[in-house]
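To start, the structure itself, in structure tokens.
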Amino acid sequence: MSHLIDERRLEVGRGLQLLVRHFQSPVQGGTPVLCLHGYWRNGRDFETLAPRLAENRSVLVPDLRGRGRSSYAEDASDYLFEHLVDDCWRLLDTSGYERVVIIGTTLGGLIGLEMAAARPERIAGLVLNDVGPEKPMASVKRMAGHAVAGGLTRADAIALTRSQNESFTRGLDDADWERLMLRAYRADADGAYGRDFDPLTNQATAILMSDRPSFWDELRASAGIPLTVLRGENSDFLTRDIATRMRDVRPDLNLVEIRDRGHPPFLDEPDALEAIDALLALADAPR
């Protein structure tokens with residue numbers, strides 16, 4: 001089924017704009033989906049999933065502030081978590097979507113939890129991709145080192161992406177590693193590759209880690225909203241212990257482990273797609 005992609009800019013204040021990819025299908029009926037990426041990522045992480053979902057529903061894929069092709073700010077305070085959440089509400093309102101399913105990876109998952117707790121009537125379902133209500137600091141520190149590389153050749157960027165992930169993620173070939181690199185890196189005018197985000201966002205991330213060490217209350221407040229949690233089998237970010245405690249809080253959640261994946265699954269794995277389809281079916285059912 002063919003679909004249309006509309007790229008637009010959303011004004012979010014203080015001279016900042018979000019790049020938003022709006023996937024629209026001629027066959028409507030399904031609950032719209034909002035796809036939210038992680039801390040040092042961008043909307044290209046959904047380049048495979050979004051067109052698939054758009055077979056029978058609209059899909060919004062923004063680059064969050066300071067990531068991808070969205071605006072960079074001059075002040076780190078413009079990247080605070082509450083601004084990211086407000087941007088998502090503004091995006092839904094300007095798009096005319098009263099009720100959506102959110103699929104969120106890491107930071108995107110926390111935004112989804114926050115939105116579900118604040119306005120549960122507007123969230124028809126939530127998929128948390130390898131993120132839980134707390135963050136193991138050893139894993140955070142390990143991955144923070146992944147976000148500082150710049151001035152790389154294309155080959156070096158691919159090699160670095162592979163070396164940082166291959167102990168957790170298995171079964172990929174050379175083309176897969178290059179594709180994954182291109183989702184996270186962007187070449188500058190001189191052809192040198194660097195991570196596609198504003199390093200200033202790290203200051204806001206540190207504040208979030210300090211001020212909001214836990215989202216357990218938000219998980220409890222999401223009761224009644226269909227919830228699927230995808231966990232990479234080898235992930236050190238969403239540990240089995242955290243996932244088990246999440247099920248204690250939300251016994252109804254659907255927990256799916258994705259084989260041969262670390263943090264995070266790529267959302268193109270058969271088990272991940274099956275779980276997402278099942279949640280969308282719940283969200284689409286008459287209330």
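Nothing in this text is a laboratory measurement; each read-out follows from the coordinates by a stated rule. Bear in mind that the values here come from a model prediction, so they are computed numbers and not experimental data. Glycine gets a Cβ as well: all are built from the backbone with ideal geometry, and neighbour counts include every protein chain shown.
Dividing the radius of gyration of the alpha carbons in segment 149-196 by their Kirkwood radius gives 0.98 for Rg/Rh. Of the GluC sites (Glu not before Pro) found in segment 41-146, the ones in coil according to DSSP and having at most 12 other Cβ atoms within 10 Å of their Cβ are Glu74, Glu98. Beta-bridge orientation, the chain: approximately 50 percent antiparallel, per DSSP, counting only bridges with both partners inside.
For segment 154-251, dividing the convex hull volume of the Cα atoms by the residue count gives 148 Å³ per residue.
Quick one, what does Rg over Rh come out to for segment 167-219 if you take C-alpha atoms and the Kirkwood Rh?
Working: Rg = 16.6 Å, Rh = 14.4 Å.
Expressed as Rg/Rh, it is 1.15.
Seen from Ala138, the other residues with C-beta closer than 14 Å to its C-beta sum to a net charge of 0, counting Lys and Arg as +1 and Asp and Glu as -1. Annotation note: trypsin sites (Lys or Arg not before Pro) in segment 225-262 located in DSSP loop regions with a Cβ neighbour count of at most 15 within 10 Å are Arg259. What distance in nm separates the two pseudo spin-label positions at Glu82 and Gln17, each 7 Å out from Cα along the beta-carbon direction? If labels sit at Glu82 and Gln17, their model points lie 2.7 nm apart.
A straight line joining the Cα centroids of segment 123-199 and segment 24-68 runs 19 Å.
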